[in-house]
Each structure stands twice: as C-alpha cells, then as structure tokens.
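The values are calculated or read from the model by the stated rules, or taken from the named source; none is laboratory data. Keep in mind that this is a model prediction, so the values were computed, not measured. Cβ: placed from backbone, ideal geometry, glycine included. Neighbour counts: every protein chain shown. All accessible areas refer to the heavy atoms of the entire protein, side chains included, with ligands and DNA or RNA removed. Shrake-Rupley method; radii C 1.70, N 1.55, O 1.52, S 1.80 Å.
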Amino acid sequence: MGERRVVLLPGDAVAIGAGAACDVENETDDGQFEADWIVCPRALIRKVEPDFPGRRAVQGIVSMQGLGTEFNLAFERGLQAIREPKAIPQLVAEHRVCELLLWLANTGYVFRSDERADLQRKVRLLIGAEPDRKWSSQDIAGSLAMSEATFRRKLAKEGQTFSEILVDVRMSLALALLQSTDAAIASVAYQVGYESASRFSVRFKQRFGFSPTAIRGAAGQRPDREVIK
C-alpha cells in the first residue's frame, strides 16, 4: 500500500481515519519529543457530523497544521478529561472531545460514524486486545467467521499479510510501553508476545531503525513537547 509522509511542527496534529496506521518518528535536534492521541467515540462523532454535511470524510491521515494556541488548549483539555475521569464530569468530558471534532470540521474534514471498518482494522483490534497471545492466521479467520484461505485472500487485496499486521501491532504497542512506562525491556517483550528479549530487540530495531535500549537511553528526563498530538 502507498505511504505518505507528514512533517509536523510543535503544536500540529493529524486526524487518523478508521483502518489507517501511523508511525511517529522524532527528528528533533535533541532527540526528545512527546506524542499524545485521543480516540473519538462513535457516539460523539454522530453528534457533530450532521452539522457539516459538506465536509470530506477523513480517509487515511489528514494533517492539521498551524491551528494555533486555542486548538492546543482544546487538545490539552481533552487529554485532561481522559486522564482525570474522577475530576471531570462525563458531560464536560464529552463536550471537550466534541470541541476537537469541531476544530477538525473547521479544517474541512469530519469523521463519519457510518464508515465501515475494513479487514485490517478488525485484525488490528483483535491482536491489540491480546498482543501476547500466540496468534495464527487461522485464529483470526475463525474470529471473523471466515476460512483461512478467504482471510488471506482478502488481506492480500488490501496489500497486507497477517504476519505484517501482527508485527506492526506488537511493535507499535511496544514502542508506546517503552515511552510511557518504566517496565523492563524483557517485560515489554513478554507483554507483546515475545518470550525472548533478544529476539524482540532484533525485531524492534528492524521495525523502527533503533533498539529498545535507545528509547530508555533518551528517557533520562521528561521530554519537552515537540509534537503534542
């Protein structure tokens, strides 16, 4: 499948449609950055989309650049509502996420609540729920009520293989765990389905171009924000 590269400056963001995958790479001078994301519930998308019938649906990745301080503050309020559920009432939290959807609509795009999840997205959700499970293509096919041959054929039409998706989900989760927790590398490896830390490290470096220890080496202090979305 085709790839698209988006360069973001501090304060910029991307909107990621259903079924799309996004890798975040740091290219700052000091090697430190922080990336945050918010998943918008379908119920809130339904509240916003009727007001913008002429907007384009988010497909793949849409960059949101140069939105300014007010957008950044709105995003921070949305994160706070998620991180502090006991301090923020549910209705207020929903309002804050809807505010972000309105910012997206202002750029000319909306998420569509009736967008059908493609096969890749379903597979990613299944694996992401149990990344340490010894998954096989037969397991996934059975969960999706189709034969293994049909499953592989449909994935091929989307330009993917089961093994590629499995590695991508596990490595993406591993990167997030290494950046956001103090868990030992061996523990992270086990959580994403690798009994061997050395094998995990090799696969991780193949995927991202740097080793898991490089993440921990750069995490001696809390990073300044380079990309906050």
Contact list, first residue from segment 145-169 and over 19 Å from Lys134 (Cα atoms), second anywhere and surrounded by fewer than 18 Cβ atoms within 10 Å (Cβ to Cβ) and of a type outside the set (D, E, K, R), beta-carbon distance below 6 Å, six or more apart or interchain, is Gly159/Met1
Quick check on segment 75-84. Is at least one of its residues modelled with pLDDT of 90 or more, assigned to a helix (DSSP H, G or I), more than 28 Å from Leu175 (Cα to Cα) and not small (Gly, Ala, Ser)?
no
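Would you confirm whether or not segment 152-171 contains a residue that is hydrophobic (A, V, I, L, M, F, W, C), over 19 Å from the mean Cα position of the chain (by Cα) and on the phi > 0 side of the Ramachandran plot?
No: segment 152-171 contains no residue that is hydrophobic (A, V, I, L, M, F, W, C), over 19 Å from the mean Cα position of the chain (by Cα) and on the phi > 0 side of the Ramachandran plot.
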Over segment 54-74, the set of residues among the hydrophobic types (A, V, I, L, M, F, W, C), within 22 Å of Asp23 (Cα to Cα) and part of a helix (DSSP H, G or I) is none
Could we say that Ala87 is more than 16 Å from Ile16 (Cβ to Cβ), more than 18 Å from the chain's Cα centre (by Cα) and either touching a residue at least 24 places away in the same chain (Cβ under 8 Å) or not in a helix (DSSP H, G or I) (or both) here?
yes
Among the residues of segment 108-122, what is the count of those that are modelled with pLDDT of 90 or more and either part of a helix (DSSP H, G or I) or surrounded by fewer than 17 Cβ atoms within 10 Å (Cβ to Cβ) (or both)?
1
Which residues, counting only those in segment 150-162, are of a type outside the set (Asp, Glu) and either open to solvent by less than 70 Å² (accessible area, probe 1.4 Å) or farther than 12 Å from Ser136 by Cα (or both)?
Thr150, Phe151, Arg153, Lys154, Leu155, Ala156, Lys157, Gly159, Gln160, Thr161, Phe162
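Given the options Ser196, Ser172, name the one that is farther than 21 Å from Asp23 by Cβ and open to solvent by less than 80 Å² (accessible area, probe 1.4 Å).
Ser196
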Counting only residues that are open to solvent by less than 40 Å² (accessible area, probe 1.4 Å) and under 20 Å from Leu175 (Cα atoms), which one in segment 34-47 is modelled with the highest pLDDT?
Ile38
When only residues in segment 53-75 that are touching an Asp or Glu at 6+ places or on another chain (Cβ under 9 Å), of a type outside the set (A, V, I, L, M) and surrounded by fewer than 18 Cβ atoms within 10 Å (Cβ to Cβ) count, which is farthest from Ile38 (Cα to Cα)?
Gly66
In segment 196-212, residues that are assigned to a helix (DSSP H, G or I) and among the polar types (S, T, N, Q) total 3
Based on this model, can you work out whether Ala141 counts as surrounded by 18 or more Cβ atoms within 10 Å (Cβ to Cβ) and touching a Phe, Trp or Tyr at 6+ places or on another chain (Cβ under 7 Å)?
yes
Of the residues Leu125, Leu102, which single one is open to solvent by 60 Å² or more (accessible area, probe 1.4 Å) and either closer than 30 Å to Leu73 by Cβ or among the aromatic types (Phe, Trp, Tyr) (or both)?
Leu102
Got a sec? Which helices (runs of 4 or more DSSP H) wholly within segment 129-195 have at least 2 residues that are over 20 Å from Arg207 (Cβ atoms)?
137-143, 148-157
